[in-house]
Amino acid sequence: METNTMLQKCDNNDVDDQKMEKINWKNKFEFIFNIIGYNVGLGNIWRFSYLCFKNGGGAFLIPYLLCGFFCGLPLLFMEVSIGQFTRQGCIGVWNLVPLMRGIGYGSTLLCIYTLIYFVYAMAWCIYYTVHSFTSEALPWATCGNSWNSDNCISSIRTNRSLKEMVENSSISNYNISLENSHLSTSEFWDNHVLQRSSGVHDMGGFSNWKMLGCFVSAWLMCYLCIAKGIRTSGKAAYVTVIVPYVLMFGLFIRGITLEGAGSGVMFYITPNMTRLIDPETWLDAGGQVLYSLGVCYGVLYGFGSYNKFNYDCYRSSYLFVGVCYGSSLFFGFVVFSFLGHMAHEQGKDIRNVVEGGPGLVFQVFPAEFALLPASQLWSALFFITLTGLAIDGSYATTEGCITAIQDYYREYFGSQRRLHYLRIGFCFGLMILGLPLLLNGGIYIFEILNLYGASGICILWLAMFETITIGWIYGVDRFYDDVKMMIGYYPPSFFKYCIKYISPTICAVIFVACCVKYTPLKMGNYIYPWWANMIGWFLSLSIVLCVPVYGMITMLQIKGTWKQKWRYSITSSYRPEIKDDEKDANEKESFSVI
């Protein structure tokens with residue numbers, strides 16, 4: 001009996017350690033929902049709406065659509081199709097051109113920097129969601145709490161009534177004025193959620209244990225969605241994608257019925273055509289396209305690698321871009337309907353209400369919900385929506401990294417047991433790296449990671465080399481042959497010209513312009529010290545240098561003349577032939593990898 005038990009244990013270990021074959025999505029809808037969930041995220045709410053407001057309202061849609069059509073769509077199609085053809089993550093796919101494998105390492109590093117701060121933003125969403133479930137007034141809507149100052153003004157009061165009170169000297173005993181007053185929502189955000197210090201030089205301590213609980217919960221949610229790879233993430237996407245749209249539609253109905261909503265919507269859609277001659281408008285459009293579609297992060301390669309070989313990834317690309325663009329436009333109507341109402345209630349111009357970044361979501365909207373009847377309900381719906389969108393982006397990015405590591409080091413992570421340990425270790429490791437964000441000065445680290453670690457400069461650099469590699473080194477004609485091998489027909493030649501000429505040109509121009517127009521990091525009135533910007537540039541360079549450094553290492557590891565080194569380093573592992581009619585068999589054997 002004991003012998004049989006021991007044999008059974010050995011058999012189980014053998015099963016655990018056996019090499020696994022690459023699996024596929026159970027159906028095409030799992031793939032579609034995962035890509036949509038990855039593309040549509042928090043940036044579609046706070047970043048797109050603000051950029052549209054900043055760059056001429058409806059006029060911004062012109063460069064946004066053009067950049068998406070000539071750059072975003074070809075890049076998305078290229079990444080998904082390459083992943084599907086090679087069945088590899090973002091590192092292994094570059095066996096197409098081993099010299100450029102540094103693109104994959106750069107993409108993985110980009111994902112890691114993004115996850116460190118993005119999951120922290122997801123923890124904010126959870127924190128506000130939990131505090132929305134109360135039978136009393138929303139905690140950020142009133143003063144008199146431990147985190148409020150003497151100059152706190154309840155968000156339930158409007159700025160218009162405050163002005164009347166000051167003019168009538170009805171609050172003179174409280175020594176409050178319009179100049180030094182602070183809305184309760186801002187104090188809740190700064191003093192309670194962030195417990196913000198005076199600057200990055202003062203990281204302070206940690207005392208917000210509730211935020212730590214939300215941060216750990218965010219990573220736990222992320223892990224549960226990828227616990228069994230695409231078998232769990234495929235199912236999770238049905239909920240995390242559909243539910244936010246349903247809730248957002250409810251917020252849209254409520255928003256357009258509010259007084260003043262019409263003025264906000266008109267501000268959103270009214271074009272200021274003079275903005276089209278400003279280069280900054282085109283820079284913002286190009287950066288937002290690549291950011292919102294999530295290209296160059298390596299996730300699209302990973303998700304594409306789980307497709308069946310003959311899946312029509314070309315037609316799906318139009319769907320993904322269309323849903324991403326449509327979601328941005330729809331969310332913009334929701335955002336500006338509420339902002340129009342808030343501007344009406346406060347007697348402000350809407351230009352003085354809108355902020356970019358987290359301030360829009362965690363200061364402006366909570367203040368707006370405090371003005372509405374059943375404020376707890378609308379606040380809960382909104383932050384549940386944000387949490388759902390954040391879950392999509394976090395677990396998709398995590399799965400993209402794990403797929404890259406698993407595929408490239410398949411000899412080590414080829415068993416289910418080791419892959420399980422990889423998922424746990426990866427999530428736990430990044431959670432530990434994100435703990436400094438919970439300190440009093442954590443928000444300053446957040447902004448450094450946001451601007452430098454996952455910056456548009458890094459994305460543009462990787463996008464430029466991706467298109468150059470496929471368009472010129474690997475060969476766009478060979479790429480088209482690979483696509484035809486999969487889907488049975490050649491895509492329109494338009495995509496070929498975009499990949500070879502238009503897309504790399506757009507990325508290069510915007511990259512150079514962003515470098516020329518660079519300004520040191522600021523957050524509100526706070527100016528970061530020089531050494532903080534140097535740390536940020538180190539993060540950016542760690543991604544940018546992956547491409548040239550790995551290329552040099554690859555060349556140096558190959559024996560032979562420099563001409564032979566070059567030919568070997570650009571020879572695809574999937575198409576091993578070296579096209580050189582003048583080279584004989586003896587010369588081909590004269591060089592090899594050390």
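The values are calculated or read from the model by the stated rules, or taken from the named source; none is laboratory data. All values reported here derive from a predicted model rather than from experimental measurement. Cβ: placed from backbone, ideal geometry, glycine included. Neighbour counts: every protein chain shown. These area figures cover heavy atoms from the full protein model, side chains too; ligands, DNA and RNA do not enter into them. Shrake-Rupley method; radii C 1.70, N 1.55, O 1.52, S 1.80 Å.
The set of residues from region 297-314 being surrounded by fewer than 22 Cβ atoms within 10 Å (Cβ to Cβ) and either in a helix (DSSP H, G or I) or touching an Asp or Glu at 6+ places or on another chain (Cβ under 8 Å) (or both) comprises just one member, 314.
Among all residues of region 249-262, there is at least one that is β-branched (Val, Ile, Thr), without any contact (Cβ under 8 Å) to a residue 40 or more places away in the chain and assigned to a helix (DSSP H, G or I).
Restricting the first member to region 281-300 and to residues that are farther than 18 Å from residue 467 by Cα, and the second to residues that are part of a loop (DSSP other than H, G, I, E, B) and at pLDDT 85 or above, the beta-carbon pairs closer than 9 Å and six or more apart or on different chains are 292/40. Listed by position, the helices (runs of 4 or more DSSP H) inside region 37-97 whose residues that are at pLDDT below 90 number at least 2 are 43-54, 61-67. Considering (1) of a type in the set (Asp, Glu); (2) open to solvent by 30 Å² or more (accessible area, probe 1.4 Å); (3) touching a residue at least 60 places away in the same chain (Cβ under 8 Å), the lone condition that residue 481 does not fulfil carries the number (3).
Listed here are the residues, each with its yes/no results for (1) of a type in the set (A, V, I, L, M); (2) under 27 Å from residue 113 (Cβ atoms); (3) in contact with a helix residue (DSSP H, G or I) (Cβ under 8 Å, 6 or more places away or on another chain); (4) crowded, with 19+ Cβ neighbours inside 10 Å.
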| residue | (1), (2), (3), (4) |
| --- | --- |
| 271 | no, no, yes, no |
| 316 | no, no, yes, yes |
| 337 | no, no, yes, yes |
| 343 | yes, no, yes, yes |
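One line per residue, one yes/no per condition, for (1) modelled with pLDDT under 85; (2) crowded, with 18+ Cβ neighbours inside 10 Å; (3) hydroxyl-bearing (Ser, Thr, Tyr); (4) out of contact with any helix residue (DSSP H, G or I) (no Cβ under 8 Å at 6 or more places or on another chain):
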| residue | (1), (2), (3), (4) |
| --- | --- |
| 119 | no, yes, no, no |
| 148 | no, yes, no, no |
| 162 | yes, yes, no, yes |
| 165 | yes, no, no, yes |
| 212 | no, no, no, no |
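Yes or no: region 452-459 includes at least one residue that is of a type in the set (Phe, Trp, Tyr) and either open to solvent by less than 10 Å² (accessible area, probe 1.4 Å) or assigned to a helix (DSSP H, G or I) (or both). Among the residues of region 452-459, at least one is of a type in the set (Phe, Trp, Tyr) and either open to solvent by less than 10 Å² (accessible area, probe 1.4 Å) or assigned to a helix (DSSP H, G or I) (or both), which makes the answer yes. When residues in region 63-87 are screened for being of a type in the set (S, T, N, Q) and more than 21 Å from the chain's Cα centre (by Cα), 2 of them pass. Criterion first (within 26 Å of residue 385 (Cβ to Cβ) and in contact with a Leu (Cβ under 6 Å, 6 or more places away or on another chain)) does residue 68 satisfy it? Criteria not met by residue 68. Scanning region 273-296 for residues being in a helix (DSSP H, G or I) and open to solvent by 10 Å² or more (accessible area, probe 1.4 Å) gives a total of 12. Within region 227-235, none of the residues are at pLDDT 90 or above, part of a helix (DSSP H, G or I) and of a type outside the set (Lys, Arg). The numbered conditions (1) of a type in the set (S, T, N, Q); (2) touching an Asp or Glu at 6+ places or on another chain (Cβ under 9 Å); (3) modelled with pLDDT of 85 or more are all true for residue 217 except (2). Checking each residue in region 510-544 for being more than 20 Å from residue 290 (Cβ to Cβ) and either among the aliphatic types (A, V, I, L, M) or in contact with a His (Cβ under 6 Å, 6 or more places away or on another chain) (or both) picks out 521, 523, 527, 532, 534, 535.
Per the conditions (1) open to solvent by less than 20 Å² (accessible area, probe 1.4 Å); (2) part of a helix (DSSP H, G or I); (3) over 28 Å from residue 282 (Cα atoms), the sole criterion not satisfied by residue 105 is (1). Just one residue in the set 494, 465 is exposed (fewer than 14 other Cβ atoms within 10 Å of the Cβ) and either under 17 Å from residue 67 (Cβ atoms) or not basic (Lys, Arg) (or both); that residue is 494. Residues in region 500-551 that are farther than 19 Å from residue 107 by Cβ, free of Cβ contacts under 8 Å to residues at least 24 places away in the same chain and hydrophobic (A, V, I, L, M, F, W, C): 509, 512, 516, 527, 530, 531, 534.
Yes/no matrix, rows are residues, columns are (1) crowded, with 18+ Cβ neighbours inside 10 Å; (2) in contact (Cβ under 8 Å) with a residue 40 or more places away in the chain; (3) over 22 Å from residue 123 (Cβ atoms):
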residue: 377; (1), (2), (3): no, no, yes
residue: 380; (1), (2), (3): yes, yes, no
residue: 392; (1), (2), (3): yes, yes, no
residue: 413; (1), (2), (3): yes, no, yes
residue: 419; (1), (2), (3): yes, yes, yes
residue: 440; (1), (2), (3): yes, yes, no
residue: 445; (1), (2), (3): yes, yes, no
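Scanning region 512-536 for residues that are surrounded by fewer than 16 Cβ atoms within 10 Å (Cβ to Cβ) and in a strand (DSSP E or B) gives 522, 526, 527. The set of residues from region 497-511 being farther than 16 Å from residue 281 by Cβ and either modelled with pLDDT under 90 or open to solvent by less than 40 Å² (accessible area, probe 1.4 Å) (or both) comprises 498, 499, 503, 504, 507, 508, 511.
In region 370-396, how many residues are among the aliphatic types (A, V, I, L, M) and closer than 30 Å to residue 298 by Cα? Qualifying residue count, region 370-396: 6. Looking only at region 25-41, filter to residues that are of a type outside the set (Val, Ile, Thr) and crowded, with 24+ Cβ neighbours inside 10 Å; which one of those is farthest from residue 331 (Cα to Cα)? So, considering only residues that are of a type outside the set (Val, Ile, Thr) and crowded, with 24+ Cβ neighbours inside 10 Å, the one farthest from residue 331 (Cα to Cα) is 31.
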